[in-house]
1. Can you give the net charge of the other residues whose Cβ lies under 11 Å from the Cβ of N276, counting K and R as +1 and D and E as -1?
2. Given Cβ point charges of +1 (Lys, Arg) and -1 (Asp, Glu) and nothing else, what value in debye, to the nearest 20, does the dipole of the range 12-130 about its Cα centre take?
3. How much length would be gained if the chain were fully extended between R344 and Y358, taking 0.36 nm per residue of separation minus their Cα-Cα distance, in nm to one decimal?
4. Mind running the shape call on the range 186-298? Use the C-alpha gyration tensor, a ≥ b ≥ c as the square roots of the eigenvalues: rounded below 1.5 for a/c, prolate if a/b tops b/c, oblate otherwise.
5. If you roll a 1.4 Å probe over the range 117-168 with all protein chains in place, what percent of the accessible area is carbon or sulfur?
6. Around F289, which amide H atoms from residues at least 5 apart in sequence, or from another chain, sit under 5 Å from its own amide H, with H modelled in the peptide plane?
7. For q = 0.07, 0.09, 0.10 Å⁻¹, what log10 I(q)/I(0) does the chain give under the Debye formula with an equal point scatterer on each alpha carbon and no solvent?
8. At a Cα cut-off below 24 Å, give the lysines reachable from K146, other chains included and same-chain residues fewer than 8 away excluded.
Amino acid sequence: MLKPKKPIRESRLFYFLGSIMKKKNQHFVPQFYFRFFSADGKSISLIKKKDGECKSVAPIRSQSSGSFFYGSVDVEDALSKLEGQLKSVLAKMKDCKNLKDFLPDERLLVFIAIVFQHERTLAARTKMQPAYNHLMRLFAEMEIGKDDSLSEEEKENLISSLNLLEIDAVRPQLETMVHTMQNAHLLSDLLPVVLENKTNRPFFFGDAPVVLHNAYYGDVKHQGVLGYASSGLQIIYPLSEKRTLMFVDNKTYKVKGVYKDHFVNVKNLKDIEVINRLQFLSASSTVYFSDPKYNSYAEYVWSLDKDKASYSEVKIVEAMACCDDGETKEIIHSFVPLLPIKFRLSFLEHEVLSDGNYVPSIRESCEIDDEI
């Protein structure tokens, strides 16, 4: 006697649930990027930021990820498709011999890849969480103040409890990602510099591998100097243990030792060290490298900044400003401060300005569609 088959609906349900569970672990640094550094394509070496503990062999599939990090399978699917488009252009950049080989559309894809990676990480979400909370609480306070059905005492009680509220940062982070990708063209005036590592020490990468810095405004503490259109902007993005991609504002930096227009051979160990320190300072929890033979070197670099604060949370300043119509209004100024490091490279010449020399400015060639 034939056994009855499982109901079709039950089979489809298990298939559906299985497909969801496969996509539960969602990466904020893509696996293909790890393979740029991995010897076997499956594992990577790492060092934990909190205590400097090294792990010689760690599976790539479980790194820089979280359970439903982006909130849904649909979002993960959309981001995976975008990753597929960006993978080839980054692989080409990792191995290219001449930047003239890149078509204009490919150059734009590189900038999209940079801003996409910069905004999608756990570090980016965490540093922006205070700003998201602050704006949400201000909006709630205004709504409570306008509610005539509440007594003054009730309003005061509700407003005093707002500090207990925290916004779910997933959606605002996704909105920021979309917004910045739409404005990726703002980076197109920056000078690309391909750093070729000629030392016996590797380039590292962290779980927030795209680092924005501004050594030109290196002593500015009370203003934001990391906007995509900011004068003096620097972008550092490792692509392998032997190559890092850097973009700089050529109005404020002079690059020495350039060959083939955009390539620099880096032979100074201190240059490699300071670039790797950026990865430790910007990472949320973990820094990665290609081979366990570099464990001791990773521990040394970690020790240089182990007592410093992690990636910098956004700073929020409320102030009064005079508008064009003469009316005084309250404004909110938020910015991400510079990483706590003196970022000097032997092949990069520039001034170092402080708050006293700071003049708000954007790069001349930037045409801003929306405020970044």
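1. -1
2. With Lys and Arg at +1 and Asp and Glu at -1, about 260 debye.
3. Result for the pair: 3.1 nm of gain on full extension.
4. Oblate.
5. Carbon with sulfur: 56 percent of the solvent-accessible area.
6. Here S45, L46 satisfy the definition.
7. -0.37, -0.59, -0.71
8. Correct list for K146: K155, K329.
The values are calculated or read from the model by the stated rules, or taken from the named source; none is laboratory data. Model, not experiment: these values are computed from the prediction. Cβ atoms come from the backbone with ideal geometry, glycine included; neighbour counts cover every protein chain shown. Each accessible area value is taken on the protein alone, full model and side chains, heavy atoms only, with ligands, DNA and RNA left out. Shrake-Rupley method; radii C 1.70, N 1.55, O 1.52, S 1.80 Å.
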